[in-house]
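Some notes on the structure that comes next.
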Amino acid sequence: MILADFQKKAVDSLTKSFLTLWQTNNYQLPLVFKAPTGAGKTIMMAEFLRTLDGNYHFDDDKAYIWISFGGDDSYLQSKEKLYKYFNNGTDMTLRDKNDLSLKELPKNNIFFINWSKIKSSTKDGKVLRKESELTSGDYGVFDEFIINTKNKRDLILIIDEAHTETSTTLAEEVIDLINPRIIIKVTATPKNIPNGSDLVNHKAGYVEVLEDEVINSGLIKKSLIIQTQEEIETIQNQNLSEDELMVELAIKKREELQKIYKEQNFDINPLVLIQLPSDMNEKEEVTTNKKLVVLKYLKQRSVLDEEIAIWLSNEKKNLDFITSNNNEVNFMLFKVAPATGWDCPRASILVMFREIKSPSFHTQIIGRIKRMPEAKHYENEVLNKAYIYTNYNKSHIRDIKEANENKLPIYFTKLKDVISQITLQSVYYNRVDFNTLSPETMWQKYMLNTLDKYKNKIEEKIDFDVFNISNKIVVDATISSFDGFIVQLKQKANETNFAFSRNDIEKLYNLLCFEELEKQENDTAKYNPSRSWSALKEALNVWFNKRLKIHREKFYLIIVNDLLKNDSFLKVVINEALIGFRKEYEIKLKEKDGKEIVNVTIPQNELSFTDDFEELEVTKNVYERFFNRKKYKGKENEEDFIKFLEVQENILWWHKQNDSGKENFAIEYFDSQENKERLFYPDFLIMTKENKLFIVDTKKGDTAKSIETKNKAEALQKWIRENQKNYDFGIFGGIVIFEYPVWKINSNKIYEYKLEEFNKLIFN
């Protein structure tokens, strides 16, 4: 393969910088290699490694670790590219995880692995990073492989797509394990560029390939075109929805490009990439619905099934040979798959649906439509451009970080009217956290009081006659620099209006609550937005619904419409509540010590659940509808126990507790492993027709045998003995296990896991 002039220049610079850093004899020195998507980073790295291998002045005992941060198999793509390139001659051997049996990496060998394979929190990571029968010591097979290697030779770490996850604790842990002499960070968008002092003092290196150099070489397109106002207006005459509009514009552009390619006798079939939304807090069915909208419209436009590829986690279709220039597939639907490590130069058009919950342009995705199909520019300039059709707007082109734990409430339930309440003495540990809108009950009460205070002004200043909210779609922009995409887009793009869908209104509402917390400048009004936005939203929901008697679909429009305004009155009220709540909360906390003895009842307020939960059809639960978390340890065992409870004639009701919170019944026990007092939240409260309360905790397998279970079980029996006389109903309880064919309970004062210590569980 013949390298372009800019590629040769980059390789020379890399080699010079690397050797300079190597001579310092220091470790973990960063060498940042910045090159635009489409510049041929992998090929340049291959030539750089080949050059080092052929440098007889650099024959040190070293080996290379190549970590990719793209898709699960991106490291194999890199390995394949290097293998093809090295056919030109090198004695470097390319290895991957199938070679871990070697126990060490030989001299000048390159070991390829993907980050997801060694990240200890993943399934693969747990296999490769944990002790097993494959290892001789206390390390996982990957760890042992690295340790054995670095005991014999120096390591060089190459991080491909280094803008991703390299600053996390887990990544730093892996880097420390490898402890390389030099870390070569390869990326189009580096997060950290070495400062001048570190470069001068040889503490770091930096090599950059300029985008203009790559464009002039013909490898990537000259510019990027965002849909024009004229195109929008033309299509609007067809009365299409916003979603259909984006697809229709892409279809027309693909037809235009295809016609030109044929007229110029180029055997190239242009591909349209259609990115479905992948919001962090998005219900899967929303993505599915968006997919169905797209597929329905493509079918309506007479697009055949074999012309459509799908690349989703749960569905893959027509992907074979899709990167070939003359492949018959015309459209590919995806969410995030092609972001990194995927090359398809015939892809020239991108449909990008806005992700309201996390509104940021994915520049790595844009890189997928940068490449030229034949690594050269054409006489017709239309073919030298990339095209985007999107419903993003300029005001939301930025990064917003969210936590996965805060999901949108979508299910509701309440306590059955026939349930007679019980009160139990419980323990609660106060955790001073001035950075969260918690406890939610205290916050909600304060927020409602603040809204009540301004009720008349709210009704006066807020527009209640809102029927729709428009979205400003980015149009009419030509981007000449891919690296400066966001800046240019904000400067050059115009906008046109389209009405939000109901689903997008709700997502926008979530975002606005998040932003309202994020942007606070007053220290007393600052709360963690990721952990507090849902509490803010819920308080607004309750007030508009309960106080003003407005239906959810209507007050969502009212709230969103006001929060979007610069002179929003709700923002004034929210700000006052945030400041005032902190002052009240601080006073309350100062009045209390670290531990409280509290009386708890079964929560009877309307409860909300997120899409992390699913509804179970039961009849004896205390709530009108019962929702259980979709995934957690012990789920199968607990749900088997619920089935057992449902068929017990003598049971009046049962209640499954949460494992935290002041509103849930807890017992204090001593954690002998951590040597401190902790709280134990038993799984189930069960009331019988004979006025007996059973407090039980379900266990299965080794958990029933643990010292922690023993400590909890004995604490429960102690609580029952000490509190029995305080209640007008009988109290029983213990650890419950399933021993075929029956459920058994251990209610002994001293807990031991012996089957003879467990008795058949009978509710009488």
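Scanning residues 5 or more positions from MET372 or on other chains, those with amide H under 5 Å from its amide H are ILE220, LYS221, with H placed 1.01 Å from N in the peptide plane. Take the Cα of LYS376, go 7 Å toward its beta carbon, and the backbone nitrogen atoms of region 208-242 under 17 Å from that spot belong to 215-222. Between the residues LEU76, LEU578, PHE482, the greatest Cα displacement towards the positive end of the dipole of the chain, with unit charges on the Cβ of Lys, Arg, Asp and Glu, is found for LEU578. For the chain, the longest principal axis of the Cα atoms and the long axis of helix 141-150 meet at an angle of about 50 degrees. Under 5 Å between amide hydrogens, built in the peptide plane, is the criterion, and for ALA499 it picks out ASN471 among residues at least 5 positions away or on other chains. Exposure proxy for TYR681, TYR632, TYR428: other Cβ atoms within 10 Å of each Cβ, ordered fewest to most, give TYR632, TYR681, TYR428.
Would you please give the FRET efficiency between MET442 and ILE422, computed as 1/(1 + (r/R0)^6) with r the Cβ-Cβ distance and R0 = 30 Å, to the nearest 0.05? Calculated value: 0.80. Ranking THR20, LEU102, ASN510 by how far each Cα lies toward the positive end of the dipole of the chain (charges on Cβ) leaves ASN510 at the top. Computed over the chain, the per-residue total of -39500 (n - 2.57) for DSSP H runs of n ≥ 4 gives a 222 nm mean residue ellipticity of -10500 deg cm²/dmol, rounded to 500. Taking Cα atoms, how many degrees apart are the long axis of helix 707-723 and the longest axis of the chain, rounded to 10 and kept between 0 and 90? On a 0 to 90 degree scale, this one is about 30.
Where both bridge residues fall in region 607-760, DSSP classifies roughly 75% of the beta bridges as antiparallel. From least to most packed, judged by other beta carbons within 10 angstrom and beginning with the fewest, HIS377, HIS655, HIS57, HIS551 follow the order HIS57, HIS551, HIS377, HIS655.
Rounded to the nearest 10 degrees, the angle from helix 552-563 to the longest Cα principal axis of the chain is 60 degrees. In this simple spin-label model, placing a label point 7 Å from the Cα along the Cα-to-Cβ direction at both TYR632 and ASN26 gives a separation of 4.9 nm. Annotation: amide H-H contacts under 5 Å for ARG95 (H modelled 1.01 Å from N, sequence separation of 5 or more, or interchain): ILE110, PHE111, PHE112.
Taking each residue as 0.36 nm, the span from LYS725 to LYS414 lengthens on full extension beyond its C-alpha to C-alpha distance by 108.9 nm.
Bridges between two residues of the chain, per DSSP, are antiparallel at a rate of about 45%.
Each label point was placed 7 Å from the Cα along the Cα-to-Cβ direction; for LYS191 and GLU328 their separation is 4.5 nm. The gain in end-to-end length when the ASN650 to SER481 segment is fully stretched comes to 53.5 nm, 0.36 nm per residue minus the alpha carbon separation. Approximating the spin labels as points 7 Å out from Cα along Cα→Cβ, the ILE469-to-ASP198 distance works out to 4.2 nm.
Estimate the FRET efficiency between PHE670 and LEU3 by the formula 1/(1 + (r/R0)^6), using the beta-carbon distance for r and 51 Å for R0, to the nearest 0.05. My answer for the efficiency is 0.15. For TYR527, TYR27, the sequence from fewest to most other C-beta atoms within 10 Å is TYR27, TYR527. From the coordinates of this entry, P(r) over Cα pairs in 20 Å bins from 0, in percent is computed, and it appears in (i) 13, 36, 36, 14, 0; (ii) 14, 39, 32, 13, 2, 0; (iii) 15, 45, 29, 9, 2, 0, 0 under the label (i). Rounded to the nearest 0.05, what FRET efficiency do LYS457 and GLU617 give with R0 = 35 Å and r taken as the Cβ-Cβ distance? Could you check? It comes out at approximately 0.15.
Taken together, the values in this text are just the output of simple stated rules run on the coordinates, not laboratory data. Nothing here was measured: the structure is a model prediction, and the numbers come from that model. Quick reminder, even Gly has a Cβ in these numbers, built from the backbone with ideal geometry, and neighbours come from all protein chains shown.
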